[in-house]
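Reading through the structure tokens given below for one structure.
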Amino acid sequence: PSCFIFNKVGSDSPGTLSKNFLFPSPIQDLSLPNGTPVDTSSPASSSSLLNRLQLDDDLDVETRDLFVTVDDPKKHVCTMETYITYRVTTKTTRAEFDLPEYSVRRRYQDFDWLRNKLEESQPTHLIPPLPEKFVVKGVVDRFSEEFVETRRKALDKFLKRITDHPVLSFNEHFNVFLTAKDLNAYKKQGMALLSKMGESVKYVTGGYKLRTRPLEFAAIGDYLDTFSLKLGTIDRIAQRIIKEQLEYLVELREYGPVYSTWGGLEVELSEPLEGVSACIGNCCTALEELSEDMTEDFLPVLREYILYAESMKNVLKKRDQVQAEYEAKLEAVALRKEDRPKVPTDVEKCQDRVECFNADLKADMERWQNNKRQDFRQLLMGMADKNIQYYEKVCATCWSNGRNKSSLFSSAEGIIIQDIFTLS
């Protein structure tokens with residue numbers, strides 16, 4: 001696989017790592033039997049990799065040559081199973097594609113197949129996560145319109161992440177996924193399409209143990225652990241808030257009609273009591289919209305980045321395994337009695353693999369940090385706007401009714417609305 005590095009890494013802006021992000025620390029000094037010193041620090045990228053490509057996260061639409069969208073979910077009912085398929089539409093000017101436009105239908109397990117193939121063939125790169133496959137029966141209806149739409153958005157984002165990646169978007173399995181009418185024939189090929197790099201990484205390093213993780217990658221690991229912990233806490237609290245909002249919404253819907261029924265019995269109070277009932281109904285609508293926004297927009301982003309962090313941890317572990325193999329082979333060479341003027345070929349190949357992991361992992365980490373900053377800035381600003389709109393609707397309901405009703409109604413409504421805000 002191709003390796004990529006940056007000429008410059010982001011500064012200490014929010015979301016980035018420390019200033020030493022790209023500077024490895026030596027592991028241990030070793031030497032060959034003839035006295036030749038061997039560098040065991042994380043190898044810098046070789047000259048053949050230095051100027052291959054500089055990543056640009058702000059690609060203009062005019063410069064993009066591949067566009068992919070996921071839409072039009074359809075339910076299929078068969079004898080043995082029921083499932084949802086999605087239309088995947090591709091528009092491109094790349095020479096690797098025979099046609100400028102494709103439209104195929106894919107189900108979730110096809111997306112899962114693609115991700116597994118990308119992990120196998122591009123082990124040095126961060127593969128975007130998929131939404132969780134399994135749901136708790138009786139709690140979430142996986143065929144409901146809301147669930148299907150949430151999953152469609154997540155699958156669309158998954159493919160767009162791949163499309164924007166300078167290496168993954170050129171992967172042969174991705175091409176097949178976008179163009180093949182019958183994907184089952186390719187699935188049956190199994191391991192035959194694995195790249196040499198994927199094979200080497202998958203079957204090596206079983207008996208090697210990393211002595212010390214370089215500081216730059218130790219910092220990445222620590223950051224991912226902290227990030228996952230805090231995001232998991234936010235996710236749990238957000239789910240609890242939504243659950244309590246929905247429970248409160250049920251009570252509120254029962255609460256409002258009581259005043260309407262009361263108004264039918266009290267002619268003198270019918271107008272203000274009907275007004276209170278209408279006001280509570282408007283509050284119900286506003287709260288329902290707020291809860292839906294959190295469920296459909298806020299929670300999916302949190303879960304995506306929790307899974308993203310786990311994916312990055314897996315790539316980091318693979319990188320550690322390859323470095324452990326590299327260290328072990330260097331030690332084996334150093335202990336040999338025969339005089340060898342240079343490092344053996346197998347050690348050099350192992351060093352190349354470490355170089356690829358180092359360069360690709362740094363590049364993908366920087367790309368991930370940039371995407372994270374943009375996504376969370378948009379998410380948090382959107383959440384703030386939704387909350388402002390919610391309280392504006394509730395307050396506007398109170399005051400507009402208060403101006404148009406009698407003083408008795410205003411007093412009664414004020415008490416009721418005060419109770420509503422207290423409960424919420």
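The values are calculated or read from the model by the stated rules, or taken from the named source; none is laboratory data. Keep in mind it's a predicted model, so treat the numbers as computed, not measured. We place every Cβ from the backbone using ideal geometry, glycine too, and count neighbours over all the protein chains shown. All accessible areas refer to the heavy atoms of the entire protein, side chains included, with ligands and DNA or RNA removed. Shrake-Rupley method; radii C 1.70, N 1.55, O 1.52, S 1.80 Å.
Could you please report the charge total around residue 73, scoring K, R as +1 and D, E as -1 over all other residues with beta-carbon less than 13 angstrom from its beta-carbon?
Around residue 73, the charge tally is +4.
Amide H of residue 107: which non-local residues (sequence gap of 5 or more, or other chain) have their own amide H closer than 5 Å, using H built in the peptide plane?
Residues meeting the amide H criterion: 86.
Could you order the peptides 282-289, 125-132 from most to least packed, using the average number of other C-beta atoms within 10 Å per residue?
The most tightly packed comes first, giving 125-132, 282-289.
Please identify which residues in the stretch 105-124 have an amide N closer than 13 Å to a label point set 7 Å out from the Cα of residue 87, following the Cα→Cβ vector.
Backbone N within reach: 105-106.
Nearest 20 debye, what's the magnitude of the dipole of the stretch 65-188 about its Cα centre given +1 on Lys and Arg Cβ and -1 on Asp and Glu Cβ?
With Lys and Arg at +1 and Asp and Glu at -1, about 260 debye.
Any chance you could look up the accessible area of residue 319 with a 1.4 Å probe, heavy atoms only, rounded to 10 Å²?
Here the residue's solvent-accessible area equals roughly 0 Å².
Quick one: how many Å² of residue 293 are accessible to a 1.4 Å probe, rounded to 10?
40
If you average the alpha carbon positions of the stretch 147-177 and of the stretch 212-235, how far apart do those two centres end up, in angstrom?
Going from one Cα centre to the other spans 25 Å.
Estimate the FRET efficiency between residue 142 and residue 209 by the formula 1/(1 + (r/R0)^6), using the beta-carbon distance for r and 45 Å for R0, to the nearest 0.05.
0.60
Note the full-extension length gain between residue 160 and residue 389 as 0.36 nm times their separation in residues minus their Cα-Cα distance, in nm to one decimal.
Result: 79.4 nm gained on full extension.
Short version: ³J(HN,Hα) in whole Hz for each residue of the stretch 249-258, in order, from phi by Karplus 6.51 cos²θ - 1.76 cosθ + 1.60 (θ = phi - 60°), x for Gly and Pro, what are they?
5, 4, 5, 5, 5, 7, 6, x, x, 4
What's the whole-number percent of alpha carbon pairs in the stretch 260-386 lying beyond 22 angstrom?
I get 66 percent for the Cα pairs in the stretch 260-386 exceeding 22 Å.
Based on the Cβ-Cβ distance from residue 266 to residue 297, what FRET efficiency comes out when R0 is 45 Å, to the nearest 0.05?
Once the sixth-power term is evaluated, E becomes 0.55.
Going down the list 75/243; 157/243; 187/243, which pairs span over 30 Å between their C-alpha atoms?
Exceeds cut-off: 187/243.
Points 7 angstrom from Cα along the Cβ direction at residue 396 and residue 240: gap in nanometres?
Inter-label distance under the simple model: 3.3 nm.
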